[in-house]
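Following: one structure in structure tokens, then a few remarks.
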Amino acid sequence: MKYPNLLMEYIASQYHIHTLADHANVTEACMGAILKGEEDLKASEAIALARLFGVSIDYLFSPTVSIMRKRKSAHRAKMAQLDSMFLKIAEAHSKKNKHAVKFMTDRFCCSGRTKYIKTIHDFKNDGFVIYADYRNLKKGMRLCLGLIREDQRKPRDITKKKAPADVGASGAGAQVLNQLQDTTKGINVNRRE
């Protein structure tokens, strides 16, 4: 296989072949041949595909499949980050957040929960996981967490406050009003009448 990481990213991303072909400005038949290793890529096509996936050209067109190994501490740390992200999503799911519920139970495609369990299982039991699978799972989890945070945001509200003179000056508003009055004492202001 000529471009194994390209093929792994294509599978993990669940993009339609038309999406890849469109970004590379080739036909679907040509993209199919590229994925099978029967056709070479031009530099402009390779750059466009790397941009689509958000990865480096070196990684995407490496002759070997990139994997994460259990024996490497940096890879274990990255997998631990997934655990932490999953726990946050699970907590939001228990609170019935719509994005967390969709992540955990989406039936249209493989749910995020299923992908997470498979990725963790492969890493712990087989000792490795394909980097494209890890990357796409993390991307989906980050998106879900971003949507959850967005739901939790409370927009700033503008409420009409009565002037302290109308209410009777009290609290922090009264302090500001008093400070303002103190600083303007003795200042002559010419008024036009």
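The values are calculated or read from the model by the stated rules, or taken from the named source; none is laboratory data. All values reported here derive from a predicted model rather than from experimental measurement. Counting neighbours? That spans all protein chains shown, and the Cβs are built from the backbone with ideal geometry, glycine included.
The set of residues from region 87-118 being in contact with a Phe, Trp or Tyr (Cβ under 6 Å, 6 or more places away or on another chain) and more than 15 Å from L147 (Cβ to Cβ) comprises just one member, Y116.
Among the residues of region 74-91, those that are aliphatic (A, V, I, L, M) and touching a residue at least 24 places away in the same chain (Cβ under 8 Å) comprise M79, L82, M85, I89.
Among the residues making up region 148-166, a single one is buried (at least 17 other Cβ atoms within 10 Å of the Cβ) and at pLDDT 85 or above: I148.
Only a single item in (1) under 21 Å from the mean Cα position of the chain (by Cα); (2) free of Cβ contacts under 8 Å to residues at least 40 places away in the same chain is not met by S13, and it is number (2).
Per this entry, K42 is not counted among residues that are of a type in the set (D, E, K, R) and in contact (Cβ under 8 Å) with a residue 60 or more places away in the chain. Screening region 10-24 for residues that are touching a Lys or Arg at 6+ places or on another chain (Cβ under 9 Å) and either more than 22 Å from I67 (Cβ to Cβ) or at pLDDT 95 or above (or both) and picking the one that is surrounded by the fewest Cβ atoms within 10 Å (Cβ to Cβ) gives H23. Restricting attention to region 57-73 and to residues that are free of Cβ contacts under 8 Å to residues at least 24 places away in the same chain and of a type in the set (D, E, K, R), the residue that is surrounded by the most Cβ atoms within 10 Å (Cβ to Cβ) turns out to be K72.
One residue stands out among those in region 114-138 that are among the acidic types (D, E) and either in contact with a strand residue (DSSP E or B) (Cβ under 7 Å, 6 or more places away or on another chain) or surrounded by 14 or more Cβ atoms within 10 Å (Cβ to Cβ) (or both): the one that is farthest from I11 (Cα to Cα), which is D122.
Restricted to region 80-102, and to residues there that are surrounded by fewer than 17 Cβ atoms within 10 Å (Cβ to Cβ) and among the hydrophobic types (A, V, I, L, M, F, W, C), the residue that is farthest from G140 (Cα to Cα) is A80.
Taken together, the residues in region 11-58 that are of a type in the set (D, E, K, R) and in a helix (DSSP H, G or I) amount to 6. If I ask for residues that are without any contact (Cβ under 8 Å) to a residue 40 or more places away in the chain and either out of contact with any helix residue (DSSP H, G or I) (no Cβ under 9 Å at 6 or more places or on another chain) or surrounded by 14 or more Cβ atoms within 10 Å (Cβ to Cβ) (or both), which ones from region 103-113 would you list? Within region 103-113, M104, D106, R107, F108, S111, G112, R113 qualify.
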